[in-house]
Amino acid sequence: QSADKGAHKHYMSKEIAEQPSVISGTLSHYLSQNRNAIDVANLNIDFAKTTRITMVACGTAYLACNVAKYWFEQIARIPVELDVASEFRYRAPPMDANGVAIFVSQSGETADTLAALRYCKSQGVKTMGIVNVEESTIEREADAALQIYAGAEIGVASTKAFTCQLMVLFALMIKAARENQQLTPAQEAELCRAMQTLPGLMNQSLALETEIKTTALELSKADDALFLGRGAMFPLALEGALKLKEISYIHAEGYASGELKHGPIALVDETMPVIVFAPKDDLFDKTVSNMQEVMARGGKVLLITDAAGAQEAENGTWKTIIMPDVLDALAPILYALPAQLLAYHTAVHKGTDVDQPRNLAKSVTVE
Ligand code: G6P
C-alpha cells in the first residue's frame, strides 16, 4: 500500500478504509492453495507438544494478544500467559521448557518487547515474532517470524496493523488447534471459509461510517467514556477505549462487562457514554443485563451489535449500531472497525491532530 493519503484527510482514515483489501492480502499468505486449510511454513514448532504459549507486546499489539488468548485457549485448548512487555521483562518469570513465546509488534522495534524476547531466548524458550516491518529487529532475532502484511502504517494510532495481527494470530491458532487434535479438516475448512467472509463484511461495516460520524459528534462532547465487552469482546472494549483516548484525548476506560458492578458503575450518569460491544453470541444475555444496569441508572448506552442483538436489546439505548453477522470467534476483528471509526470521527469533531497525537510516538524504541 502506498504511503500517500489519497482522497483521505488523514492517514488514519485511509488506513481504516483499506482494511478489506489489506486483510484479504494477509489472508492469501496464510491460506492453502485451495483455501480450505491454513498454510504456515517453516515454524519448527509442534503445538501438540506445546504446554504453554506466552504472549508479550505493548499497546494495541498487546490488545491483539488479549483477543488471541481467548482463541488459543477456547479453540486450540492451549493455555496462554499474557503480559505487557515492560512488566514481563522485569518480572522475568520462570519459563516452561516446552512453551512457545510470541512477540507481536507492528514496528518490530519496540524496546520493551525486544528486551522481553531476549529474556525468553536467554531462558532457552522457543520464540516467535509477529511483525509488520520486514527485517525488523524482532523479526531477525526471533527463532521464527510471521509477517502481517499490513503495508506501511503511518497513523500513530494503530488500525490496520491491529486487524492484520488478529488475522495472523487466528490463522496460527487454527494451525495450533489442528496439531493439537482440536479441529477436524472439515472444521478447519469451515473456519477458513469464515475468514474469507471478512473483507466483504468489513466493507459492509465501513458503510456505517456516516451513522458513526453522527454518533461521534455526541461523543465528542463527553469528558469520559466507558467501553464494555465480555469474552473476546472485552479486549476489544480495551482497544476502543485506547483508540479514543489516544486521538481524541477523552478519558476512556475499557472494562469487562462483568466487572461493571465492581467499580465503574459508580461513575455512571447521563453525561458519561457507555459503549457496549455485544454481538448476539453465547454471552450476549449477560452483557445485555450489564447494559441494562447502566440504563437503569440513567446511563447513555451506545450498543454495537448485530440485527438479532438489536432486536432483543436496542430498547432504551441512546444509539444502536447494527453490524453484519459474523462467526462469533471472528467478531473482535470485524468490530474493531466501528471502534476505530468512532475514535477517528470523535477526534475529527474535536479538531485534534489525529495522525500525530500529542506525546505519542509511532514506535517506542527507548525504554
Ligand atoms: C506505540 C504506538 C502504538 C503501538 C505500540 C506498540 O505506543 O503508538 O500504536 O501499538 O507502540 O508498537 P509496536 O510497533 O510494538 O506494535
### Task
Spot the failing condition for Thr271; the list is (1) of a type in the set (S, T, N, Q); (2) within 22 Å of the chain's Cα centre (by Cα); (3) within 30 Å of Gln356 (Cβ to Cβ), and only one is missed.
(2)
#### Entry: Condition met for Thr271 (part of a loop (DSSP other than H, G, I, E, B) and at pLDDT below 95)
yes
### Query
Among the residues of the stretch 168-185, is there at least one that is within 16 Å of the ligand (Cβ to nearest atom), closer than 19 Å to Pro324 by Cα and assigned to a helix (DSSP H, G or I)?
no
#### Entry: Filter result (free of Cβ contacts under 8 Å to residues at least 40 places away in the same chain, within 14 Å of the ligand (Cβ to nearest atom) and in a strand (DSSP E or B)) within the stretch 94-129
Gly129
### Leu341 out of contact with any strand residue (DSSP E or B) (no Cβ under 9 Å at 6 or more places or on another chain), within 14 Å of the ligand (Cβ to nearest atom), hydrophobic (A, V, I, L, M, F, W, C) and within 21 Å of His10 (Cα to Cα)
no
### Query
Taking the stretch 63-93 only, how many residues are under 16 Å from Phe170 (Cβ atoms) and away from the ligand (no atom under 16 Å from the Cβ)?
11
### Query
Tally time: how many residues in the stretch 26-57 are outside any strand (DSSP E or B), at pLDDT 95 or above and crowded, with 16+ Cβ neighbours inside 10 Å?
8
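So that you can scan it fast, the table gives a plain yes or no per residue for (1) under 15 Å from Val56 (Cβ atoms); (2) of a type in the set (Asp, Glu); (3) in contact with a Gly (Cβ under 8 Å, 6 or more places away or on another chain):
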| site | (1), (2), (3) |
| --- | --- |
| Val125 | yes, no, yes |
| Gly129 | yes, no, yes |
| Asn132 | no, no, yes |
| Glu141 | yes, yes, yes |
| Ala150 | no, no, no |
| Lys160 | no, no, yes |
| Gln165 | yes, no, no |
| Lys175 | no, no, no |
### Task
May I ask you to verify whether Ala252 is of a type in the set (A, V, I, L, M) and touching a helix residue (DSSP H, G or I) at 6+ places or on another chain (Cβ under 7 Å)?
yes
### Task
May I ask you to verify whether Ala256 is surrounded by 22 or more Cβ atoms within 10 Å (Cβ to Cβ), at pLDDT 95 or above and of a type outside the set (Asp, Glu)?
no
### Summary
Inside the stretch 63-90, the number of residues satisfying the requirement of being in contact with a Lys or Arg (Cβ under 9 Å, 6 or more places away or on another chain), buried (at least 19 other Cβ atoms within 10 Å of the Cβ) and over 20 Å from Leu183 (Cβ atoms) is 1
#### Entry: Whichever residue in the stretch 179-200 is of a type in the set (S, T, N, Q) and touching a residue at least 12 places away in the same chain (Cβ under 8 Å) and, among such residues, is nearest to Ser24 (Cα to Cα)
Gln196
### Message
Condition check: surrounded by fewer than 21 Cβ atoms within 10 Å (Cβ to Cβ), within 23 Å of Lys221 (Cβ to Cβ) and aliphatic (A, V, I, L, M). Does Met272 satisfy that?
### Response
yes
### Query
What tally of residues in the stretch 201-229 results from selecting those that are farther than 27 Å from Leu27 by Cα, in a helix (DSSP H, G or I) and in contact with a helix residue (DSSP H, G or I) (Cβ under 8 Å, 6 or more places away or on another chain)?
6
### Query
From the residues in the stretch 130-145 that are hydrophobic (A, V, I, L, M, F, W, C) and either part of a helix (DSSP H, G or I) or within 14 Å of the ligand (Cβ to nearest atom) (or both), which one is farthest from the chain's Cα centre (by Cα)?
Ala142
### Query
Looking at Thr60, is it assigned to a helix (DSSP H, G or I), near the ligand (Cβ under 9 Å from one of its atoms) and surrounded by fewer than 23 Cβ atoms within 10 Å (Cβ to Cβ)?
yes
### Message
Could you check the stretch 168-191 and list, in sequence order, the residues that are surrounded by fewer than 21 Cβ atoms within 10 Å (Cβ to Cβ) and of a type in the set (A, V, I, L, M, F, W, C)?
### Response
Ala186, Ala189
### Query
Just wondering, is there one or more residues in the stretch 148-167 that are surrounded by fewer than 24 Cβ atoms within 10 Å (Cβ to Cβ), within 16 Å of the ligand (Cβ to nearest atom) and assigned to a strand (DSSP E or B)?
no
### Task
With respect to Pro235, determine if the residue is part of a loop (DSSP other than H, G, I, E, B) and at pLDDT 95 or above.
no
### Query
Condition test on Leu283, is it touching a Lys or Arg at 6+ places or on another chain (Cβ under 6 Å), over 24 Å from His345 (Cβ atoms) and of a type outside the set (D, E, K, R)?
yes
#### Entry: So Ala308, is it assigned to a helix (DSSP H, G or I), touching an Asp or Glu at 6+ places or on another chain (Cβ under 9 Å) and surrounded by 20 or more Cβ atoms within 10 Å (Cβ to Cβ)
no
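The values are calculated or read from the model by the stated rules, or taken from the named source; none is laboratory data. Quick caveat, the model's predicted, so the values are computed rather than measured. So basically every Cβ, Gly included, is an ideal-geometry build from the backbone, and we count neighbours across all protein chains shown.
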